[in-house]
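Written below as structure tokens is the structure these notes are about.
The values are calculated or read from the model by the stated rules, or taken from the named source; none is laboratory data. Remember, it's a predicted structure, so these values are computed and weren't measured experimentally. Every residue, glycine among them, receives a Cβ derived from its backbone with ideal geometry; neighbour counts consider all protein chains shown. When the accessible area is computed, the model is the full protein with side chains, heavy atoms only, and any ligands, DNA or RNA have been set aside. Shrake-Rupley method; radii C 1.70, N 1.55, O 1.52, S 1.80 Å.
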Amino acid sequence: MTSSGDRAAGRTTETLLATARSVQLGNYKPAPMVLTRGEGRRVWDASGKEYLDLAAGIAVCSVGHSHPRLAQAIADQAARLMHVSNLFYNDRAIELAAELVERTPFDRIYFGNSGTEANEALLKLARRYHHERGDGARVEIVSTWQSFHGRTMGSLTLTGQPKYHVGMGPLVGGVVHVDYGDLDALRAVVGPTTAAVILEPIQAEGGIRVPSDEYLHGVRALCDERGALLLFDEVQTGYGRTGKFLGQAWSGVVPDACSLAKGIAGGFPLSAMCVTEKLANALPPGSHASTFGGNPLACAAGLAVLAIFDEEGLVDNALRVGDHLRARIDALVADATLPAAVEARGRGLLQGVRLAPDVDPLALHASLVESGLLTTLAGGDVVRISPALNVTVAEIDEGIDRLAAALAHAPRKQA
Ligand SMILES: *Cc1c(COP(=O)(O)O)cnc(C)c1O
């Protein structure tokens, strides 16, 4: 399939962009190209131009684009059974829940369709858990500044980035934020009215900020001491992204519940809330639901992703290639001829390069796209590399070489 096919259909980039600008809502600001095809860690636009994709749809396409086994599993399941509602069991959801229980420290699984929904479920679970125990005073949720938990009202309120709150109030009540990594700040607010503390084991959108293990252990001990639940948002850090199946495995801290999404079905919409046995009955029948959540089609995609992880050793690959990626980024930062790169951040295949304050991150990002390399920005000034977990060392080298070339001519902020 070449660009000629798209052109023959009259679908030039220009006509597609013109249509997009007149029919799509203006809430996004996508790069001025239109992607039409992907394979492995490569995608192609409507003009036939090839890109090396080290963004993977923001850490979503965990097994690369168009993986034959994933595509086949989706096609087979679509032809067999797509949706039945949660009024009936379906075999694929049962199988996927059993797989997640097997692979994580959690005992019970609830399925949704997106990260924000899984976090909404966590929020409701935390409040209802205490209510069911007759402790209705525990309604507050403590979250952290710079966190990202999603865009629906509950998750948006949890998100500790005021820029996303502009014009959206009134937000959900009973949420407070404290500095990430600051245990004393948590000690000052967690008390008898706290339902839960929620945090990401690495703040991903916030700029790939990796906390100390001591902090995470301290948060766990504080929650236990004061009777609050500990919730982890592993929407981005989970599913092998950091080189372990869950990001929490690095510290060994097990929360009472966690959310998963992004890489869980390789690009098919699916999310999960995983809870420990003590929370198994925290959401009684009728207290929470999702029409699409846990449908057999999404769960079949989720099962295929796990089968591919196992067959191709992708969590180990994320660790191994992630180490190589980190070494390459460390070298960029150490390179005196590249003052635009000032800090390496991350773990496994969730890595970033923090840019010097005088570099224009948006212009640099645009120049990378132009050069045929897809990355994302995190925290405003961090170039995030979050490729498919089956990325190769050669692809990382190709991408980092291109990044180095762009950094050497990094666009400066206008005075
Ligand atoms: C992406 C993300 C979300 C939101 O997921 P959606 O699927 O966009 O709703 C929530 N939390 C974290 C940590 C994320 O990275």
Scan the range 112-125 and give yes if some residue there is of a type outside the set (A, V, I, L, M, F, W, C), in contact with a strand residue (DSSP E or B) (Cβ under 9 Å, 6 or more places away or on another chain) and in a loop (DSSP other than H, G, I, E, B), otherwise no.
yes
Go through (1) in a helix (DSSP H, G or I); (2) open to solvent by less than 60 Å² (accessible area, probe 1.4 Å); (3) within 16 Å of the ligand (Cβ to nearest atom) and name the single condition Tyr129 misses.
(3)
Restricting attention to the range 75-96, and to residues there that are crowded, with 20+ Cβ neighbours inside 10 Å and within 19 Å of Ser114 (Cβ to Cβ), which single residue is farthest from the ligand (Cβ to nearest atom)?
Arg92
Tell me which residues, restricted to the range 97-108, are outside any helix (DSSP H, G or I) and open to solvent by 40 Å² or more (accessible area, probe 1.4 Å).
Pro105, Asp107, Arg108
Need at least 3 residues that are surrounded by fewer than 24 Cβ atoms within 10 Å (Cβ to Cβ) and either within 16 Å of the ligand (Cβ to nearest atom) or more than 21 Å from the chain's Cα centre (by Cα) (or both) per element, so show me which strands (runs of 3 or more DSSP E) inside the range 166-279 make the cut, counting only ones lying wholly within it.
175-178
Run Leu25 past the list (1) touching a residue at least 40 places away in the same chain (Cβ under 8 Å); (2) among the hydrophobic types (A, V, I, L, M, F, W, C); (3) part of a loop (DSSP other than H, G, I, E, B) and report the number of the one that doesn't hold.
(1)
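When you go through Ala388, Ala378 one by one, which is the residue that is surrounded by 18 or more Cβ atoms within 10 Å (Cβ to Cβ), more than 13 Å from Val353 (Cα to Cα) and small (Gly, Ala, Ser)? Quick ask: steps written out before the conclusion?
Values: Ala378 fails: more than 13 Å from Val353 (Cα to Cα).
Of the residues listed, the single one that is surrounded by 18 or more Cβ atoms within 10 Å (Cβ to Cβ), more than 13 Å from Val353 (Cα to Cα) and small (Gly, Ala, Ser) is Ala388.
Does Glu39 qualify as being open to solvent by 40 Å² or more (accessible area, probe 1.4 Å), more than 16 Å from the ligand (Cβ to nearest atom), modelled with pLDDT of 95 or more and in contact with a strand residue (DSSP E or B) (Cβ under 7 Å, 6 or more places away or on another chain)?
Details: open to solvent by 40 Å² or more (accessible area, probe 1.4 Å): yes; more than 16 Å from the ligand (Cβ to nearest atom): yes; modelled with pLDDT of 95 or more: yes; in contact with a strand residue (DSSP E or B) (Cβ under 7 Å, 6 or more places away or on another chain): yes.
Yes; evaluated as a whole, the condition is true for this residue.
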Can you name the residue in the range 132-156 that is over 18 Å from the mean Cα position of the chain (by Cα) and surrounded by 21 or more Cβ atoms within 10 Å (Cβ to Cβ) and is also nearest to the ligand (Cβ to nearest atom) among such residues?
Ile141
Could you go through the range 287-300 and let me know if any residue there is part of a loop (DSSP other than H, G, I, E, B), at negative phi and crowded, with 22+ Cβ neighbours inside 10 Å.
yes
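Would you be able to say whether some residue in the range 306-328 is touching a His at 6+ places or on another chain (Cβ under 8 Å) and assigned to a helix (DSSP H, G or I)?
Taking the range 306-328 first, the residues touching a His at 6+ places or on another chain (Cβ under 8 Å) are 308.
The next check asks that each one be assigned to a helix (DSSP H, G or I); those that pass are 308.
Checked the range 306-328: at least one residue is touching a His at 6+ places or on another chain (Cβ under 8 Å) and assigned to a helix (DSSP H, G or I).
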Just the residues that are in contact with a strand residue (DSSP E or B) (Cβ under 9 Å, 6 or more places away or on another chain) and of a type in the set (S, T, N, Q), please, taken from the range 299-356.
Gln351
